[in-house]
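Down below is the structure, laid out as structure tokens.
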């Protein structure tokens, strides 16, 4: 008997990844949704006995979607597939009725384990024939390239958020990454979530591997330092200036370190990186951006606006890849999934 399966993710690249992981022997009819609102319509139409659901999506995210499924007792079994694997994210979705959680990018062995556990499938694990049916990502499509880069950032963002949540004991709100292919003069305009009228501090760290190089920046709103210092539980025997500097470096090391590890896993390379450098303290954003390594080149700019809403803390992780690295990043990501 054919099982209606729905893959709900705002990323076309992620939907294809998920589709390629579904075992050949599972008799399924696969449909797709780009956000929760569309998914709910398809569930009500009987197209989702099983749904693979992302968390971070526009229009309606995974949490909102799962709440409506629970409230309306809609007939679908939900497996969450997300880059956000914080313990609280998992607990919230399981409490709403999700069967289980899979970390992005999808692990075929983990998927089979879950399908067997819940009696959904018990055959061979191979998905080679399924993968052949997936339409390749167009290398000459600007939209599809941005989608691939965004999904790469989504996975890296989740790893960094998980590491920071573990350090701070707080839930980290994760956004949809802001991804742009831009000229150097457009960098300040591409960063949507940093307030121009506020003072910021920033740390930069360069990285390089296998022809790919880039720069990671953590940009911290200075008004957040007091709350962050409290969360980090530093001793009070240092000056406020020293405590702020320590907080800036600790948060930057966690975010950049976890993010680069996630990028390495996806690109199948190991990055070597420079020592972190303080780009500026208590200055405006444009002054910070003038000192970035790639300020003279066209670039891929990825902005991830983290927040800890319970503590009114906001900070940004910015990844910059120069023009000569952009296509190589795309080729490595696409090749590894076909």
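Quick look at the values:
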| item | result |
| --- | --- |
| Qualifying residue in region 44-54 (condition: over 30 Å from residue 124 (Cβ atoms), surrounded by fewer than 23 Cβ atoms within 10 Å (Cβ to Cβ) and touching a helix residue (DSSP H, G or I) at 6+ places or on another chain (Cβ under 6 Å)) | no |
| Tally of residues being modelled with pLDDT of 90 or more, in contact with a helix residue (DSSP H, G or I) (Cβ under 6 Å, 6 or more places away or on another chain) and over 19 Å from residue 249 (Cβ atoms) across region 280-310 | 3 |
| Test set (1) surrounded by fewer than 18 Cβ atoms within 10 Å (Cβ to Cβ); (2) at pLDDT 90 or above - residue 214 fails condition number | (1) |
| Strands (runs of 3 or more DSSP E) wholly inside region 77-182 that include at least 1 residues being under 30 Å from residue 1 (Cβ atoms) and either without any contact (Cβ under 8 Å) to a residue 12 or more places away in the chain or touching a helix residue (DSSP H, G or I) at 6+ places or on another chain (Cβ under 6 Å) (or both) | 77-82, 100-103 |
| Some residue of region 3-23 being under 23 Å from the mean Cα position of the chain (by Cα), without any contact (Cβ under 8 Å) to a residue 60 or more places away in the chain and over 29 Å from residue 259 (Cβ atoms) | no |
| Residue within region 189-197 that is touching a strand residue (DSSP E or B) at 6+ places or on another chain (Cβ under 7 Å), modelled with pLDDT under 90 and more than 18 Å from residue 252 (Cβ to Cβ) present | yes |
| Which listed residue is touching a strand residue (DSSP E or B) at 6+ places or on another chain (Cβ under 8 Å) and part of a loop (DSSP other than H, G, I, E, B), from 51, 18, 57 | 57 |
| Options 87, 75: the member that is under 20 Å from the mean Cα position of the chain (by Cα), loosely packed, with under 15 Cβ neighbours inside 10 Å and modelled with pLDDT of 90 or more | 87 |
| Search result, residues across region 269-279 that are modelled with pLDDT of 90 or more and within 23 Å of the chain's Cα centre (by Cα) | 269, 270, 271, 272, 276 |
| Residue in region 92-107 that is farther than 22 Å from residue 10 by Cβ, surrounded by fewer than 18 Cβ atoms within 10 Å (Cβ to Cβ), under 20 Å from the mean Cα position of the chain (by Cα) and at pLDDT below 95 present | no |
| Matching residues, region 121-162, being over 23 Å from residue 57 (Cα atoms) and either in contact with a strand residue (DSSP E or B) (Cβ under 8 Å, 6 or more places away or on another chain) or buried (at least 20 other Cβ atoms within 10 Å of the Cβ) (or both) | 121, 127 |
| Selected residue [more than 21 Å from residue 178 (Cα to Cα) and surrounded by fewer than 24 Cβ atoms within 10 Å (Cβ to Cβ)] from 13, 32 | 32 |
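The values are calculated or read from the model by the stated rules, or taken from the named source; none is laboratory data. What you see is a predicted model, and the numbers here were worked out from it, not measured in a lab. Positions of Cβ are generated from backbone atoms using ideal geometry, with glycine treated the same way; all protein chains shown enter the neighbour counts.
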